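The values are calculated or read from the model by the stated rules, or taken from the named source; none is laboratory data. Small disclaimer: the values here were computed from a predicted structure and weren't measured. Because the Cβ atoms are built from the backbone with ideal geometry, glycine has one as well, and the counts that use them run over all protein chains shown.
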Amino acid sequence: MRQKLTIFIGFFLLLVILIGLNAATYVQREKTPDTETEPNRSTYNSGGTGTQAFYTLLFETGRNVTRWRSTIDVLRTEKRDPVTTFVIMGPTRRPFDETEWRQLFEWVNEGGRLVVADRAPPPEMTAFIKGWDIKHNTNDLELIFGIDPADRKQMTDGMSASRPVQPSLFTRNINAVQTSRFASHISAVWKGGQAAGSSEDDLAYPPEIAPYDAPVVHLVGGQRNILTDIKYGSGSVVFLADPYVLSNGGIQLVDNARLGINIVTAGGGLIAFDEYHQGFGSNQNRLLQYFAGTPVTAIFLQVALVAGLILISRSRRFARPIPEPEPDRLSKLEYVSAMAELQRRTKAYDLAIENIYGEFRRRASNLFGLDSRATGPRELATKIAERIIAEPDELEGVFQRAEDIAHGDATNRKETVSIAALLREIESELGLSGSHAGRTHK
């Protein structure tokens, strides 16, 4: 017990030392400021490039909105509260693979609305829109280094407001939308046709294609197509050429908030912002994420290592194994048999009679309520004769002879066996056979 207490105290002191060393050597990392070179478009981010303000606006105004932290394949299997509009704010921190893009466009084909706010969507995504060559021509991205996304002047310097080019659900109650000067230009060219080069002409489609099947431009600013809607099967894909419009830094400008609401609520139903590809997947350990960047994770791992070493050291032998002590397995019967054999071999017949007659007298005296130490052969024989068919004188003679042998008179094996057999017979008639020592007759 004392050894275990010492180990426990030592482990506790080691834990205190580890905590102290980690706390002393820990240097808190400064929060990395948001930049347009490495943006964080998550709805959890309150920085300039995040979209927490837009998500909060939708939530607090009663829109059915959620943060999507599951894999893409769940979109098609979710039946309890199906998603009707899926929003991707790019670029994402975790890239989509080809299987995820395929699953996403299968969901769109079945009637879903995909909203993509990105200056340069991955070509793997636009390749799924068959028949149209979708391109995002970027502008001034080489000047994006050193720009503060929360600084309105730096982000919008020289960029005129975008205006609706036609009335639609997306442009309802919209007078102007302010994009950043880094907004891209969306062009959609029919692969069998020829691009003309200007904004509306870039969306040229062959005569045999109905206009409502072709991409539709809703906003144009600075000779750039800012918002385009493309039909895809039973659903549609909406491209917003500048995520700054919906970011915390730009959502408050002119009609940016109204445009964002129009885009994500046009399809009705549940609106889901993709957080899985922003690094908040459901398969990640939220506890480790919570303590990320603190010494708690290092302390936990170090304590686990020390505990493992202690368990390993305690479970190993450092010398030869010590045999376990042999328990005493001799029963009372084995003991009696051994003593009987010893008495037989040494011809200690007097000792045998002493043991047998002494036990008989004690048990018979208890039967009649007598004191075995004060009861003589005569009195005991009389009591027994009253109980069984026997002559008191004969019984007294047997008892007296047994006492004489026990006190040292010579005897032989034949007489010893005879006296022992007679005593066992009397015990049987008295009902004492098999009784335990000290048990009275009932």
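What the table shows:
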read-out	value
Residue satisfying condition, being part of a loop (DSSP other than H, G, I, E, B), buried (at least 21 other Cβ atoms within 10 Å of the Cβ) and among the small types (Gly, Ala, Ser), within set Ser46, Ser42	Ser42
Qualifying positions in segment 76-122 - farther than 14 Å from Ile271 by Cβ and among the hydroxyl-bearing types (Ser, Thr, Tyr)	Thr77, Thr92, Thr99
Residue match in segment 226-240 (condition: part of a helix (DSSP H, G or I), buried (at least 20 other Cβ atoms within 10 Å of the Cβ) and within 40 Å of the chain's Cα centre (by Cα))	no
Residue in segment 364-379 that is at negative phi, β-branched (Val, Ile, Thr) and at pLDDT 85 or above present	no
Conditions (1) closer than 19 Å to Asn225 by Cβ; (2) more than 46 Å from the chain's Cα centre (by Cα): number failed by Phe182	(2)
Residue in segment 145-183 that is modelled with the lowest pLDDT, counting only those that are surrounded by 20 or more Cβ atoms within 10 Å (Cβ to Cβ), among the small types (Gly, Ala, Ser) and within 18 Å of Ile263 (Cα to Cα)	Ala183
Count of segment 241-261 residues which are among the hydrophobic types (A, V, I, L, M, F, W, C) and in a helix (DSSP H, G or I)	5
Tabulated pairs, segment 63-87, first in contact (Cβ under 8 Å) with a residue 40 or more places away in the chain, second part of a loop (DSSP other than H, G, I, E, B) and of a type in the set (A, V, I, L, M, F, W, C), C-beta under 8 angstrom, 6+ apart or interchain	Arg67/Phe280; Arg69/Phe280; Ile72/Phe96; Thr85/Ala266
From the options Gly281, Gly308, Gly293, residue that is outside any helix (DSSP H, G or I) and either modelled with pLDDT under 70 or out of contact with any Lys or Arg (no Cβ under 7 Å at 6 or more places or on another chain) (or both)	Gly293
